[in-house]
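Q: Before I ask anything, let me first share the structure, which is written out below as structure tokens.
The values are calculated or read from the model by the stated rules, or taken from the named source; none is laboratory data. What you see is a predicted model; the values in this text were computed from it and never measured. As a convention, Cβ positions derive from the backbone with ideal geometry for all residues, glycine included, and neighbour counts pool all protein chains shown.
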């Protein structure tokens, strides 16, 4: 009897997002070793302690959500469950957060394709080890995720698949390379297509789940030959799809043409900053160019591809002028469809965290605040309380009616209903509902920092 617990997304948009793929994927890896298998997504429902105690409880979690996961794991361990941890926090903070070793019978460090079957085999043989670190060098033949274990009614959509893992870029702030190493893995295209066919034909799906596919990839366009093959095979399927990639994909006309023809509805792009100094400090100046933002966005929008732009606030090179005057002006000018904004979050494994700790610029080390929405450090040029307040205001300004109207004019007339629908889904972020954090109390602490 195995249960897989995932904490869901901590931020204000969590009800508008698809499920994280991690738990359904882990379920597929665990299925051959389980008589009964279930998923608990804490983002859509609380843990039910009235169900029979699972023999094995597997938890995946990020740093900010570990308090929530730890509390559940502690109860289940007292009831006799074997506790297995994995995911970003267990991997990157294994030597930093003593609670991981305290509560877990076993920790999977890094990738799970080989480690999860090995751990469950050893458990069944009475020989479970304390840690498993088993990197993979291929995604050939990976199992189809157990999306059928999710209640599709509780998500905006549920058809999520993986095509690639990793990213060829080396941005300073990114933790992908720390999780997986500096590598880029690709599934055989035919296996990706087969899973899309399977997942979109599951019994009981609604229309959107059969039509829309979301790729749980960091950057599927790193290998354009592979990406083009995928797009060409998607065309006759007549699906819609979303994924994450770099804005400079717009510089390849053949790729953009294939993206449009294959049903791309939008891409999530890391714009990150409108400051050249910030981009250079994060080793992103060769990927992003402020001078090219408008042209690249126009190319994608002209081809009816929506842009979900990601911005980060609180780098040491940032100023109030660059963040809260120049940034909204440029975002409106280029006309991105949606905004996903986060604050810089220094994770314990990183050189940046160690630097901030050495310079006494960390405001707290309490894990629940490391969620991407609450300021946990003192930037060089902006007071943290000012940054927190203006960060919230900037999001509200982006989804204000004047901003929506300005950005709408950049979109093809046929896409305006879709543009308005997407903005309606995200226009009212509730920053006071970030999991485990009272933002008003946190602001009081920041004012004294």
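Q: Being part of a loop (DSSP other than H, G, I, E, B) and more than 21 Å from the chain's Cα centre (by Cα) is the filter; apply it to segment 326-365 and report the residue that is nearest to residue 65 (Cα to Cα).
A: 365
Q: Checking residue 262 against (1) out of contact with any strand residue (DSSP E or B) (no Cβ under 8 Å at 6 or more places or on another chain); (2) more than 30 Å from residue 316 (Cα to Cα), only one condition comes out false. Which one?
A: All conditions are met except number (1).
Q: Sticking with this structure for a sec: So which residues in segment 50-68 are crowded, with 18+ Cβ neighbours inside 10 Å, farther than 25 Å from residue 126 by Cα and more than 18 Å from the chain's Cα centre (by Cα)?
A: 68
Q: Of all residues being assigned to a loop (DSSP other than H, G, I, E, B) and touching a strand residue (DSSP E or B) at 6+ places or on another chain (Cβ under 7 Å) in segment 375-404, which is surrounded by the fewest Cβ atoms within 10 Å (Cβ to Cβ)? Just the residue, please.
A: 376
Q: Among strands (runs of 3 or more DSSP E) lying entirely in segment 1-110, which contain 3 or more residues that are under 27 Å from residue 181 (Cβ atoms) and out of contact with any strand residue (DSSP E or B) (no Cβ under 7 Å at 6 or more places or on another chain)?
A: none
Q: Then there is this: Within segment 120-139, count every residue that is outside any loop (DSSP other than H, G, I, E, B), surrounded by 13 or more Cβ atoms within 10 Å (Cβ to Cβ) and more than 26 Å from the chain's Cα centre (by Cα).
A: Count: 4.
Q: A follow-up question, please. Could you check residue 183 against (1) surrounded by 15 or more Cβ atoms within 10 Å (Cβ to Cβ); (2) touching a strand residue (DSSP E or B) at 6+ places or on another chain (Cβ under 8 Å) and say which number it fails?
A: Answer for residue 183: the failing condition is (1).
Q: Continuing with this model, one more query. Confirm whether residue 449 is modelled with pLDDT under 90, assigned by TED's automatic domain parsing to the domain that holds residue 322 and in a loop (DSSP other than H, G, I, E, B).
A: yes
Q: Do you know which residues across segment 279-314 are crowded, with 21+ Cβ neighbours inside 10 Å, at pLDDT below 90 and either in the same structural domain as residue 388 (by TED's automatic domain parsing) or touching a helix residue (DSSP H, G or I) at 6+ places or on another chain (Cβ under 8 Å) (or both)?
A: 279, 288
Q: A further question on this structure: Among the residues in segment 74-87, are any closer than 29 Å to residue 214 by Cβ, outside the structural domain of residue 425 (by TED's automatic domain parsing), surrounded by fewer than 23 Cβ atoms within 10 Å (Cβ to Cβ) and touching a helix residue (DSSP H, G or I) at 6+ places or on another chain (Cβ under 6 Å)?
A: No, segment 74-87 has no match at all.
Q: Next up: Which of (1) under 16 Å from residue 165 (Cβ atoms); (2) loosely packed, with under 13 Cβ neighbours inside 10 Å; (3) under 23 Å from the mean Cα position of the chain (by Cα) does residue 151 not meet, given it meets every other one?
A: With respect to (1) under 16 Å from residue 165 (Cβ atoms); (2) loosely packed, with under 13 Cβ neighbours inside 10 Å; (3) under 23 Å from the mean Cα position of the chain (by Cα), residue 151 is out only on (1).
Q: Same structure again: When segment 40-56 is examined, which residues are found to be touching a residue at least 60 places away in the same chain (Cβ under 8 Å) and more than 13 Å from residue 73 (Cα to Cα)? Working first, answer last.
A: First, the residues of segment 40-56 that are touching a residue at least 60 places away in the same chain (Cβ under 8 Å): 41, 44-45, 56.
41, 44, 45 - these are the residues of segment 40-56 that are touching a residue at least 60 places away in the same chain (Cβ under 8 Å) and more than 13 Å from residue 73 (Cα to Cα).
Q: Now for a separate question. Within segment 334-348, can one find any residue that is without any contact (Cβ under 8 Å) to a residue 12 or more places away in the chain and under 20 Å from residue 277 (Cα atoms)?
A: Taking segment 334-348 as the starting set, the residues that turn out to be without any contact (Cβ under 8 Å) to a residue 12 or more places away in the chain are none.
No, that holds for no residue.
Q: I need the full set of residues from segment 195-220 which are over 21 Å from residue 249 (Cβ atoms), in contact (Cβ under 8 Å) with a residue 40 or more places away in the chain and not in a loop (DSSP other than H, G, I, E, B), in order please.
A: Residues of segment 195-220 that are over 21 Å from residue 249 (Cβ atoms), as a first pass: 195, 197-211.
Add one more test, that the residue is in contact (Cβ under 8 Å) with a residue 40 or more places away in the chain, and what stays is 195, 197-200, 202, 204-206, 208-210.
Those that are over 21 Å from residue 249 (Cβ atoms), in contact (Cβ under 8 Å) with a residue 40 or more places away in the chain and not in a loop (DSSP other than H, G, I, E, B): 195, 197, 198, 199, 208, 209, 210.
Q: Now for a separate question. Given the residues 37, 21, which is the only one that is at pLDDT 95 or above, in the same structural domain as residue 125 (by TED's automatic domain parsing), surrounded by fewer than 23 Cβ atoms within 10 Å (Cβ to Cβ) and touching a helix residue (DSSP H, G or I) at 6+ places or on another chain (Cβ under 9 Å)?
A: Just a single option satisfies the conditions, and that option is 37.
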